[in-house]
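The values are calculated or read from the model by the stated rules, or taken from the named source; none is laboratory data. Everything numeric in this text was worked out from a predicted model, so none of it was measured. Here Cβ is always computed from backbone atoms with ideal geometry, including for glycine, and neighbour counts include all displayed protein chains. When the accessible area is computed, the model is the full protein with side chains, heavy atoms only, and any ligands, DNA or RNA have been set aside. Shrake-Rupley method; radii C 1.70, N 1.55, O 1.52, S 1.80 Å.
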Amino acid sequence: MKEESKGKSLLILLLVVAATVMFGIMGYKNMPNIKLGLDLDGGVSITYQAVEENPDEQDMRDTVYKLQKRAETYSNEAEVYQEGSNRINIDIPGVSDANEILAQLGKPGSLMFCPPVYDENGELVGFGDPVLTGADIKSAGVAKSESQGSAVDVYEVGIVFNDEGAKTFAEVTEANVGKPIAIIYDGEVISAPVVQQAITGGNCSITGDFTIDEADNLAQTIRLGALKLELKELRSNVVGAKLGEQAINTSIKAGLIGFAIVVIFMILVYRVAGVAASIALSMYVGLILILLDAFEVTLTLPGIAGIILSIGMAVDANVIIFTRIKEELGTGKSVKLAIQSGFNKALSAIVDGNVTTIIAAAVLYLRGSGTVRGFAQTLAIGIILSMVTALFVTRWLLNALYGLGFNKASMYGTKKPVEKSIDFVSKRKFCYAISGLVIAAGLAFMGMNKAKFGDMFNYGLDFKGGTSTNVTFNEDMSLEDISSKVIPVVVEATGDQSPQTQKVAGTTEVIIKTKSLDADGREKLNKALAESFGVDEEKITAENISGAVSLEMKKDALMAVIMATILMLLYIWIRFKNILFASSAVAALCHDVMVVVAFYAILKWSVGSTFIACMLTIVGYSINATIVIFDRIRENIKIYGNRDLKELVNRSITETLTRSINTSLTTFVMVLCLFALGVSSIREFALPLMVGIVAGAYSSVCITGPLWYDLTKRREAKKAAKAIEDKKAHNSSKTAKKASKDKDVK
């Protein structure tokens with residue numbers, strides 16, 4: 001029987017190891033097929049110019065945002081920004097055929113509403129000149145149809161016209177009752193609904209038994225075609241990466257070194273369990289590469305951030321499980337029972353922590369724009385995969401290793417039950433004060449920066465825009481030449497420490513993007529380039545450009561984060577059946593974000609597109625750390641009750657302290673390797689992320705539990721005070737009734 005068990009365990013172990021090797025090889029082979037973003041691999045750059053000579057600024061901003069949405073149908077990582085006063089530039093990563101993209105994009109601003117044309121016999125022969133254009137539309141959306149009798153849900157498209165459009169539409173529909181009105185986009189009829197009656201309110205609905213996808217596609221086409229400006233193509237180029245191959249290579253090298261350190265750490269601390277986790281994590285890395293290829297994810301720095309966070313959470317799940325196993329062994333249980341019990345007790349914390357992060361990722365993907373969606377996509381894939389590998393693959397491996405004879409407690413390590421808790425609650429006011437001082441300092445520096453520099457933060461190109469300079473060199477410059485020779489000259493001439501550069505394929509032209517330069521600044525840069533590289537100054541052109549992260553995109557990101565936070569709060573409230581757990585978790589999350597924002601203001605770190613990715617990473621990471629402690633508090637309440645609330649909180653934090661330290665340490669090591677080996681743009685992302693990891697570990701241990709304690713004690717005090725008041729009122733009522741009765745007796 002023992003030989004049969006060993007044979008089964010060996011088979012499982014060999015199958016998992018073989019699968020890990022296979023997934024690793026497949027993942028490695030798929031790496032060249034994974035789409036890379038503009039920052040890592042370049043793409044197609046297209047410039048449109050408004051037909052109108054002096055377009056309205058608001059119309060330009062509106063057009064930029066709608067083109068951003070259109071470009072995102074090709075890649076979440078597409079960038080759209082204004083160039084000069086009447087040009088719009090679109091950069092789409094992962095493609096190299098400009099003509100194909102132009103054909104797919106079509107001619108922006110060509111949405112038209114055309115009445116029917118009939119011949120002398122009353123036959124419909126086509127549609128006439130446009131009576132309305134996209135400029136007459138305010139919005140278009142989807143609603144469930146109110147029509148009855150259908151076995152499945154059907155949907156309709158609602159259109160709202162502006163005042164002028166509503167007036168014209170009323171006249172057109174009145175003249176064409178019973179006839180079709182064609183909606184034409186880029187020369188193609190996308191819908192030709194029949195007018196049922198004159199429509200005078202400025203609102204209309206297009207019905208036709210649409211499925212939700214069909215209705216959504218039609219509404220989206222109408223919205224995106226409703227550009228305020230007519231545009232014409234000015235130029236199109238294939239551009240190189242902003243960061244180049246060096247950034248990819250250093251990121252991979254940093255990831256491998258960080259992963260190796262994590263593996264060594266896990267084996268040293270958790271022994272046999274650490275070996276199982278290392279194999280499972282290796283399988284996870286191979287699988288995530290395969291899935292990135294399968295889902296055609298465009299990978300950029302924010303995407304890498306999502307992967308780093310998911311690896312951190314995969315490690316976290318294993319740490320939670322193994323800590324539980326060591327605790328069970330510490331109580332005297334056998335290894336087999338300890339493994340089973342460890343997984344069972346860790347399940348709720350792992351599921352709750354991962355589900356809250358998945359909720360955030362889903363909302364960010366559905367409501368966000370650009371890099372926010374890219375981050376959410378890689379995060380969601382990584383989180384789901386990490387949870388599966390931790391809960392199933394690691395378990396199979398541990399059981400297999402146990403069956404092969406690794407069945408002694410010393411091979412897993414033990415953790416004795418907590419005899420004396422660390423008194424975190426008594427030190428809470430000191431911890432609150434430290435956090436308050438850091439946040440207050442950040443607010444003070446924001447005010448000082450605003451007064452001194454005009455902005456609260458050191459906004460980078462992605463947020464504030466700048467100057468784009470096109471330089472034609474006398475020879476083809478490699479990415480290494482640009483990095484080692486050109487960028488230092490640009491930095492010295494402009495004072496911008498983080499310029500962006502891109503090559504134009506098939507030419508010797510390089511695009512250099514810097515902070516905004518006035519006439520003197522441009523002349524200084526031109527002379528520096530001419531003196532250093534012998535370029536012709538007359539061939540150097542420059543234009544002011546807007547930020548790639550538009551105001552609308554910022555609003556999208558903010559609304560997505562707010563919605564995600566609310567949904568996470570509701571989930572925690574439902575799962576823990578206590579609003580105070582949810583309130584404390586969200587408060588700690590806000591604390592971590594505000595601490596990192598304070599560092600951005602105090603140290604004047606550049607705020608670019610990586611800022612958004614960094615904040616989102618911290619939100620996902622912070623909430624997971626908090627959930628683990630709250631899960632232990634919930635468990636201890638069931639065991640010990642809540643009579644001594646202070647000791648219960650202290651005990652729960654102390655019991656999970658090892659997990660908090662180990663998880664934060666392993667994730668910190670991964671990011672530290674990126675910071676140590678990465679190029680400047682990667683360091684801009686890694687440095688604040690390290691601050692966020694430290695802030696998250698600090699708040700989960702020193703803030704969340706004590707804050708929940710304070711809120712709970714305050715609620716109990718209010719209940720007690722209310723009970724006393726109710727008792728007094730009741731006694732007063734009884735006394736009054738008795739006095740009245742005595743009076744009646746007399």
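crowded, with 19+ Cβ neighbours inside 10 Å and among the hydrophobic types (A, V, I, L, M, F, W, C): does that describe residue 448? Considered against the rule, which asks whether it is crowded, with 19+ Cβ neighbours inside 10 Å and among the hydrophobic types (A, V, I, L, M, F, W, C), residue 448 comes out as no.
The single residue among 564, 582, 557 that is free of Cβ contacts under 8 Å to residues at least 24 places away in the same chain, open to solvent by less than 20 Å² (accessible area, probe 1.4 Å), in a helix (DSSP H, G or I) and of a type in the set (Gly, Ala, Ser) turns out to be 582.
The set of residues in the range 497-513 being on the phi < 0 side of the Ramachandran plot, assigned to a loop (DSSP other than H, G, I, E, B) and modelled with pLDDT under 80 consists of 497, 498, 505. All of 362, 409 fail the test of being closer than 28 Å to residue 462 by Cβ and open to solvent by 10 Å² or more (accessible area, probe 1.4 Å), apart from 362.
Residue 436 meets each of the listed conditions (1) surrounded by 13 or more Cβ atoms within 10 Å (Cβ to Cβ); (2) under 28 Å from the mean Cα position of the chain (by Cα); (3) assigned to a helix (DSSP H, G or I) apart from (1). Screening the candidates 200, 168 for the property of being assigned to a loop (DSSP other than H, G, I, E, B) and either out of contact with any Asp or Glu (no Cβ under 6 Å at 6 or more places or on another chain) or open to solvent by less than 20 Å² (accessible area, probe 1.4 Å) (or both) yields one hit, 200. If you check 309, 347, which single one turns out to be farther than 16 Å from residue 415 by Cα and at pLDDT below 70? Exactly one residue qualifies, and that residue is 309.
Rundown of residues vs (1) open to solvent by 10 Å² or more (accessible area, probe 1.4 Å); (2) at pLDDT 90 or above; (3) under 21 Å from the mean Cα position of the chain (by Cα), yes/no style:
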residue: 299; (1), (2), (3): yes, no, yes
residue: 340; (1), (2), (3): yes, yes, no
residue: 368; (1), (2), (3): no, no, yes
residue: 377; (1), (2), (3): yes, no, yes
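Looking for something more than 13 Å from residue 696 (Cα to Cα), in contact with a strand residue (DSSP E or B) (Cβ under 7 Å, 6 or more places away or on another chain) and touching a residue at least 24 places away in the same chain (Cβ under 8 Å) - is there at least one such residue anywhere in the range 591-600? Checking the range 591-600: at least one residue is more than 13 Å from residue 696 (Cα to Cα), in contact with a strand residue (DSSP E or B) (Cβ under 7 Å, 6 or more places away or on another chain) and touching a residue at least 24 places away in the same chain (Cβ under 8 Å). Filtered by the rule that a residue be open to solvent by 20 Å² or more (accessible area, probe 1.4 Å), within 28 Å of residue 606 (Cβ to Cβ) and not hydroxyl-bearing (Ser, Thr, Tyr), the range 691-707 gives 691, 694, 697. Taking every residue in the range 134-146 that is part of a loop (DSSP other than H, G, I, E, B) and pairing it with any residue that is not hydroxyl-bearing (Ser, Thr, Tyr), at least 6 positions away or on another chain, the pairs with Cβ-Cβ distances below 6 Å are 145/154; 145/156. Within the range 510-526, track down each residue that is in contact (Cβ under 8 Å) with a residue 12 or more places away in the chain and open to solvent by 40 Å² or more (accessible area, probe 1.4 Å). Of everything in the range 510-526, those that are in contact (Cβ under 8 Å) with a residue 12 or more places away in the chain and open to solvent by 40 Å² or more (accessible area, probe 1.4 Å) turn out to be 515, 516, 522, 524. Here residue 674 does not qualify as open to solvent by 40 Å² or more (accessible area, probe 1.4 Å) and modelled with pLDDT under 90.
Pairing residues of the range 196-209 that are farther than 14 Å from residue 169 by Cβ with residues that are open to solvent by less than 70 Å² (accessible area, probe 1.4 Å) and charged (D, E, K, R), at Cβ distances under 7 Å and at least 6 apart in sequence or on separate chains, gives 207/156. Checking each residue in the range 260-278 for being in contact (Cβ under 8 Å) with a residue 60 or more places away in the chain and either in contact with a strand residue (DSSP E or B) (Cβ under 8 Å, 6 or more places away or on another chain) or open to solvent by 40 Å² or more (accessible area, probe 1.4 Å) (or both) picks out 261, 265, 269, 271, 275. In summary, residue 225 fulfils each of the numbered conditions (1) over 26 Å from the mean Cα position of the chain (by Cα); (2) modelled with pLDDT of 85 or more; (3) open to solvent by less than 20 Å² (accessible area, probe 1.4 Å) with the single exception of condition (2). Inside the range 203-222, residues that are within 32 Å of the chain's Cα centre (by Cα) and either assigned to a helix (DSSP H, G or I) or among the charged types (D, E, K, R) (or both) make up a count of 11. Among residues that are among the small types (Gly, Ala, Ser) and either in a helix (DSSP H, G or I) or under 22 Å from residue 619 (Cα atoms) (or both), residue 542 is not included. In the range 460-478 there is at least one residue matching the filter, namely being without any contact (Cβ under 8 Å) to a residue 60 or more places away in the chain and surrounded by 17 or more Cβ atoms within 10 Å (Cβ to Cβ).
The residue that is farthest from residue 646 (Cα to Cα), counting only those in the range 393-433 that are of a type in the set (A, V, I, L, M) and assigned to a loop (DSSP other than H, G, I, E, B), is 404. Based on what the data block shows, is residue 484 assigned to a loop (DSSP other than H, G, I, E, B), among the small types (Gly, Ala, Ser) and surrounded by fewer than 22 Cβ atoms within 10 Å (Cβ to Cβ)? It is false that residue 484 is assigned to a loop (DSSP other than H, G, I, E, B), among the small types (Gly, Ala, Ser) and surrounded by fewer than 22 Cβ atoms within 10 Å (Cβ to Cβ). A count restricted to the range 109-124 and to residues that are exposed (fewer than 10 other Cβ atoms within 10 Å of the Cβ) and more than 15 Å from residue 177 (Cα to Cα) stands at 4.
Pick out the one residue from 421, 435, 483, 498 that is closer than 20 Å to residue 517 by Cβ and touching a residue at least 40 places away in the same chain (Cβ under 8 Å). On inspection, the qualifying residue turns out to be 498. If the condition is being more than 23 Å from residue 448 (Cα to Cα), open to solvent by less than 20 Å² (accessible area, probe 1.4 Å) and either in a loop (DSSP other than H, G, I, E, B) or in contact with an Asp or Glu (Cβ under 7 Å, 6 or more places away or on another chain) (or both), then the range 585-624 contributes 610, 618, 622, 624. Here is a check on your reading of the model: is residue 637 crowded, with 23+ Cβ neighbours inside 10 Å, assigned to a helix (DSSP H, G or I) and at pLDDT 90 or above? It is false that residue 637 is crowded, with 23+ Cβ neighbours inside 10 Å, assigned to a helix (DSSP H, G or I) and at pLDDT 90 or above.
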